[in-house]
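Asks: Sharing a structure, written as structure tokens. Questions coming.
The values are calculated or read from the model by the stated rules, or taken from the named source; none is laboratory data. Quick caveat, the model's predicted, so the values are computed rather than measured. Cβ placement follows ideal geometry from the backbone for every residue including glycine, while neighbour counts extend to all protein chains displayed.
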């Protein structure tokens, strides 16, 4: 594709899949047993604020991509360094996400396979699909969104028709204590919702005449994504109980094991796997794409194909050697201070700079 | 046949075709006739009739036997020239040119007539079935169209049968095809852009569209691509498809051909472009959407709910063909926990005596079914039934009882083959059969996980395809709510007020029928 | 570029791992855990598909392997080595535990079951009542080729309807064993033995007798009789405090337990009017509400039971409405008495909070619960229960009166 384009529907769906992708795997908010869903709700509201900030930042810079924004606001030298920081941030997230997906697949589905093979196939899929460009990724996102909704429906039907939903597991609210909840809110704010910074890279692909609708659509997407995540977490809690949800590694998978449509389809496990793999894959492929474009912007000679391949090979070969905290890695590998800085600090700084610039420009045009 | 000439043809498409030097006619009849006989060779289907008009002027009538309707040519040209002309014109103009003009303008009563002065033109026209009349002393010739050759009569379409639709189909002569189309669309805006493809075959290729409805982009793309083709002979539509498709490497067809005039008429009215090729009874429809392969004419003949059900069944069959053998292999190899207990026991108890693994036996069964299918295509009619019996006996009974293949594999193979007939009216089931084997390989190596990832790869690949610039999976991929009325389900006609938005036609409104449900009591 | 990737894909996938073919799969239908001196005796009941699928119908449909080990997983590895098939736990239906293990605690078994990704959550855990679990697994019963799966079907089908069994899945059990105030009741399986007809002297050695009976029970002789000598049944229900076995309920008490747990099933209530006439009804709707006031050590239980009259021997004219109300009152009184007796039993004999009073307090009165949580075991026997029962007979069946 010579022109890279997404339309608004595709952006919406990508945001939704992106949000589901992270949370379905990582057990977010698990320190606040029954109140996971409250934590997610509150942090999604905060995330909405963050989204508005990001959008404003992008809007002030005429929806250019992140690297261009860095260079415009911070100048070429410092901007390039910041781009490198963000590129490595993306690479680290890619690495963590890919290895955690591979590990989940190994534990639940392919018991006994070597993790290298699983990781390799995952990386091959992601590279293959990224070679087609963001157009194809966006279109396939629309289709897979439908697939995921289709997979969720039997789950809900089964839970309510078998009477598995135990309301008692959800109360009392706030029994855990507000300190833990506050901590978890902050963590959840950073982890699924803070990563929306990636979409700053994608806003540039929306046709200019529809740019004014981006904010509204992204907020709708955030809302729907949160709704789906909260529904899934509430189901997990109601079926399993707060202890098990805190202790299981992949509670959604376990909750799905309880669901059955007797007489029709006995076991509904594959649906959970499909949902987790597809949403995780979309997050991974978006990260790959964004990371590759960021690296590509450092030097004009870097070709898209080769950067992609090098990143994938790098991750594959480096994977066995990097130590990370295997129980909670998606959320806590980077110290929270660094993540705050990257996701919150720098964007706020850039926003202020862009506001000032914008103000100066409008003043100039008014004078003239 | 050289299979690579397509690629050669494409590479050369950047250079303009070589121009032939113009060769004007000579004045003397003898020299002209001698030249023609020289170039065409002394073939015995070249008919040359030398006449003498009523004042001693010599004239010549030339035509190719078999291509011309001799009866017409005799009655309307030779008869007129020899018998009637002296009766009408007692006086003959002195100047040969005047004689020529008078004969052409007022004497010969044929509707399709033209004149020419060039030999290259003459050969072209002679070889396409026109009659050439030469007058001694005039460096000009007359062409009259008396085409009349044997052709197949219009009968039922062989590939796309329909129960409730019309049963006529296209034939090999392009003129008859355009006439059949005109009988259905009596709109004055119907246009045919004519091209000739192939240096030796000079095959007529017409691009049909409706001006005012069709997006002019498509017409432009079609015309440009056809003009760029450089080939020696164009034999049938499939070759043309391969030459004008979007240049992406994939097993999915991005243009399909159809034999039915009603399908072409409906497509034209929606905003598509139809391309006719002389010599084949198929027409190409462009642009092609993947989901239009699942729409059949019978859908519009049945009522809504049944038609929608049938359509959903077709989608289901298509994906079942691709995914089921892979799933079965993956489940029995890797994920036995997902099979219900009693079914698992049945499968295991059958498998204990199997020599082959699940993958190999399913592959054997699929290959056997493919062989059976190919054999039944090519068999002479005389053998017919016995072949069926042999096939089913060998595959069905004997193999299973010998213990080579389990019942489950046979069931899988049979269902896959039968399901593939449901969508076999277009070429869309070819990629399905290839993909079946691919998913089987993935399933046996990487189980469910591999199948999910391979499915993701497949869908992304399909999303990246274009047909004449339009996304292949529209209206599902760039999701368009209004167009869904005719995709998975077929909603009543009253609801489909606009043409499909994906075809970007200039005139969106189809009709203005009121919704029947809103009638007052 | 993309073609190269696909080729790499195919090359990579030419697998390098051991794959267990279907033929080598040994489906474990039931696991039995017995406590021996220093460790566990694990018995696995493995399915032989040939016998069921029809290839070889003379063979027994199941066979049994056992091994000892200090930990459960060690024992499992040993039986895996012993059996000619690779044992596959994904279709495990039932885990049978013997009393000694249950008295020591359920936690090791639950840990094993949860960590193992193959074991699914809808299995049943049974306690072997006065038997070893090995014996329970070794009984062949005529109704199903796989006796343990019959047990499972019995438990799942029946438990969804009648109130005579406990119903729970693995996750519920896990939740219950570790929280105070949420104790659980598990089904206990036992073997029902017919006395042998030619054994009339009573001072036969008990153990030999037992062994003989086991021999008969675990062979096809048992299946080939119209009245099998031995059969599996669930007539007792094990009560746990935290994760340790403390006592048993019988099958009338389990109904009361289910009623108090507000489980939507069918219950049979019966009364004896004027010490002579039996009347029984089938209750199909239960609405129990428990209100706790832990600070005042009071619990109020309101129970509303609705059902239809199924059997009446009391010569009363049932077409008059107030007569039916009299019957309702009798039922209510009887039920209240029974419930109080059961509650008393759990407070004194079998010290376990099986009605989840603590759980209720945790959900609804969190702060008060927090105060008493530490010594709930001492507080529970001192709680003051007040039970109000209201039985409603919706319909008296097809006929009104049989007697004149």
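Asks: Scanning segment B:425-447 for residues that are away from chain C (no Cβ under 14 Å) and assigned to a helix (DSSP H, G or I), which turns out surrounded by the most Cβ atoms within 10 Å (Cβ to Cβ)?
Replies: Restricting attention to segment B:425-447, the residues satisfying the condition of being away from chain C (no Cβ under 14 Å) are B:425-433, B:436.
Next, only the ones that are assigned to a helix (DSSP H, G or I) stay: B:429-433, B:436.
Values: B:429: 19, B:430: 14, B:431: 18, B:432: 21, B:433: 18, B:436: 24.
Only one residue fits best here, namely B:436.
Asks: Exactly one of (1) touching a helix residue (DSSP H, G or I) at 6+ places or on another chain (Cβ under 6 Å); (2) under 30 Å from residue B:269 (Cβ atoms) is unmet by residue B:138. Its number?
Replies: So residue B:138 meets the others, but not (2).
Asks: Could I ask something else about it? Counting only residues that are buried (at least 18 other Cβ atoms within 10 Å of the Cβ) and more than 11 Å from residue C:269 (Cβ to Cβ), how many does segment C:304-323 have? Can you show your working first?
Replies: Going through segment C:304-323, the residues buried (at least 18 other Cβ atoms within 10 Å of the Cβ) turn out to be C:305, C:307, C:309, C:312, C:314, C:318.
Among the residues that remain, those that are also more than 11 Å from residue C:269 (Cβ to Cβ) are: C:312, C:314, C:318.
Number satisfying all stated conditions: 3.
Asks: Give the residue that is surrounded by the fewest Cβ atoms within 10 Å (Cβ to Cβ), with candidates limited to residues of segment A:99-120 that are at the interface with chain B (Cβ under 9 Å from one of its Cβ atoms) and within 19 Å of residue A:309 (Cα to Cα).
Replies: A:117
Asks: Given the options A:41, A:14, name the one that is part of a helix (DSSP H, G or I) and buried (at least 20 other Cβ atoms within 10 Å of the Cβ).
Replies: Working: A:41 fails: buried (at least 20 other Cβ atoms within 10 Å of the Cβ).
Residue meeting the stated conditions: A:14.
Asks: I've got another one for you. Collect the residues in segment B:134-148 that are part of a loop (DSSP other than H, G, I, E, B) and modelled with pLDDT of 80 or more, keeping them in residue-number order.
Replies: B:136, B:137, B:138, B:139, B:140, B:146
Asks: Kindly establish whether residue C:388 is outside any loop (DSSP other than H, G, I, E, B) and touching a strand residue (DSSP E or B) at 6+ places or on another chain (Cβ under 9 Å). Quick ask: steps written out before the conclusion?
Replies: Numbers: outside any loop (DSSP other than H, G, I, E, B): yes; touching a strand residue (DSSP E or B) at 6+ places or on another chain (Cβ under 9 Å): yes.
Against the criterion (outside any loop (DSSP other than H, G, I, E, B) and touching a strand residue (DSSP E or B) at 6+ places or on another chain (Cβ under 9 Å)), residue C:388 qualifies.
Asks: Next up: So which of A:52, A:36, A:83 ends up being more than 30 Å from residue A:223 (Cβ to Cβ) and away from chain B (no Cβ under 14 Å)? Lay out the reasoning, then the answer.
Replies: Details: A:52 fails: more than 30 Å from residue A:223 (Cβ to Cβ); A:36 fails: more than 30 Å from residue A:223 (Cβ to Cβ).
Of the residues listed, the single one that is more than 30 Å from residue A:223 (Cβ to Cβ) and away from chain B (no Cβ under 14 Å) is A:83.
Asks: Also, quick follow-up: Take the residues of segment B:144-160 that are without any contact (Cβ under 8 Å) to a residue 60 or more places away in the chain and surrounded by 16 or more Cβ atoms within 10 Å (Cβ to Cβ): which is farthest from the chain's Cα centre (by Cα)?
Replies: In this case the residue turns out to be B:145.
Asks: Exactly one of (1) at pLDDT 80 or above; (2) more than 10 Å from chain B (Cβ to nearest Cβ); (3) in contact with a helix residue (DSSP H, G or I) (Cβ under 9 Å, 6 or more places away or on another chain) is unmet by residue C:89. Its number?
Replies: So the condition that residue C:89 fails would be (2).
Asks: Something else now. Looking at segment B:181-199, can you tell me whether even one residue there is under 28 Å from residue B:301 (Cα atoms), within 22 Å of the chain's Cα centre (by Cα) and in a loop (DSSP other than H, G, I, E, B)?
Replies: yes
Asks: Please give the helices (runs of 4 or more DSSP H) falling wholly within segment B:5-117 in which 2 or more residues are at pLDDT 75 or above and closer than 16 Å to residue B:135 by Cβ. Break it down into steps so the answer makes sense when it comes.
Replies: Details: elements: B:5-11, B:29-40, B:85-88, B:96-102.
Fully inside segment B:5-117 and qualifying: B:29-40, B:85-88, B:96-102.
Asks: Does segment B:462-481 hold any residues that are in contact with a helix residue (DSSP H, G or I) (Cβ under 9 Å, 6 or more places away or on another chain) and surrounded by fewer than 15 Cβ atoms within 10 Å (Cβ to Cβ), and which are they?
Replies: Once the filter is applied, which keeps residues that are in contact with a helix residue (DSSP H, G or I) (Cβ under 9 Å, 6 or more places away or on another chain) and surrounded by fewer than 15 Cβ atoms within 10 Å (Cβ to Cβ), segment B:462-481 yields only B:469.
Asks: Let me ask another. Kindly list the number of the only condition in (1) assigned to a loop (DSSP other than H, G, I, E, B); (2) in contact with a strand residue (DSSP E or B) (Cβ under 9 Å, 6 or more places away or on another chain); (3) in contact (Cβ under 8 Å) with a residue 40 or more places away in the chain that fails for residue B:131.
Replies: (1)
Asks: So residue A:244 ticks every box in (1) more than 14 Å from chain B (Cβ to nearest Cβ); (2) under 26 Å from residue A:15 (Cα atoms) but one. Which box is left unticked?
Replies: The one condition residue A:244 does not meet is (2).
Asks: Another question, if that's okay. Show the residue pairs meeting these rules: Cβ distance below 9 Å; 6+ apart or different chains; first residue within segment A:298-324 and farther than 21 Å from residue A:82 by Cα; second residue assigned to a loop (DSSP other than H, G, I, E, B).
Replies: Matching pairs, first to second residue: A:305/C:1; A:309/C:1; A:324/A:333.
Asks: Enumerate the helices (runs of 4 or more DSSP H) found wholly within segment B:305-414, keeping only those where 3 or more residues are within 14 Å of chain C (Cβ to nearest Cβ).
Replies: B:341-351, B:358-378
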